[in-house]
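See below for the structure under consideration.
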């Protein structure tokens, strides 16, 4: 496990992560990029528990995602399956697991206040926290993408599936965007990564 994870998370986090993963039936797999998620957790039919995390994440996002999924496993072990996936039990477990990592030996100092704020009430995805997502993005390899909230009003952008949209006004949390070919209105998370066209 050490060899598998050492290239994906900060060196200072590795010993503590390995201690969290000392379970007989817990398997961690590093996957190619998936557009719809950074990672996931599931109980397999053979009784093992599997965590997957995308390989393209920077080391800080990878660590957050891995701990997010470990929290799902620990919550399942503690409370069983009859709870909400991101309910109060998971939030509490994620906070407890994350707390020892929230220090300058693991995360850069510019991320620590944002992480502290985020973990007062962690969400189902760190991407739903615009400030944290933007701060984490600075550690990504350049990919030519931008966030929807950075796209100027009225500009067009393209998704990974090549569909083209025109950005409209912001509702409470999401942006109205019209698909150019169909005229259909969609609501976009501010942190959706897109390719700006104009």
Quick check: is even one residue across region 31-46 without any contact (Cβ under 8 Å) to a residue 12 or more places away in the chain and surrounded by 11 or more Cβ atoms within 10 Å (Cβ to Cβ)?
-> yes
Selection from region 52-67 of residues in contact with a strand residue (DSSP E or B) (Cβ under 7 Å, 6 or more places away or on another chain) and buried (at least 22 other Cβ atoms within 10 Å of the Cβ) yields 53, 62, 65, 66
So residue 135 clears everything in (1) in contact with a strand residue (DSSP E or B) (Cβ under 8 Å, 6 or more places away or on another chain); (2) outside the structural domain of residue 27 (by TED's automatic domain parsing) except one condition, right? Which one?
-> (1)
What pairs come up if the first residue lies in region 178-198 and is without any contact (Cβ under 8 Å) to a residue 24 or more places away in the chain, the second is in a loop (DSSP other than H, G, I, E, B), and their beta carbons are under 8 Å apart, counting only those six or more places apart or on different chains?
-> 178/184; 179/163; 181/163; 187/171; 187/174
Scanning region 89-142 for residues that are in contact (Cβ under 8 Å) with a residue 60 or more places away in the chain and in a helix (DSSP H, G or I), the one surrounded by the fewest Cβ atoms within 10 Å (Cβ to Cβ) turns out to be 100
Please give the number of the condition residue 157 fails out of (1) in contact with a helix residue (DSSP H, G or I) (Cβ under 8 Å, 6 or more places away or on another chain); (2) assigned by TED's automatic domain parsing to the domain that holds residue 64.
-> (2)
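The values are calculated or read from the model by the stated rules, or taken from the named source; none is laboratory data. Note that the structure is a prediction, hence the values are computed from the model and not measured. Glycine also receives a Cβ, built like all others from the backbone with ideal geometry; neighbour counts cover every protein chain displayed.
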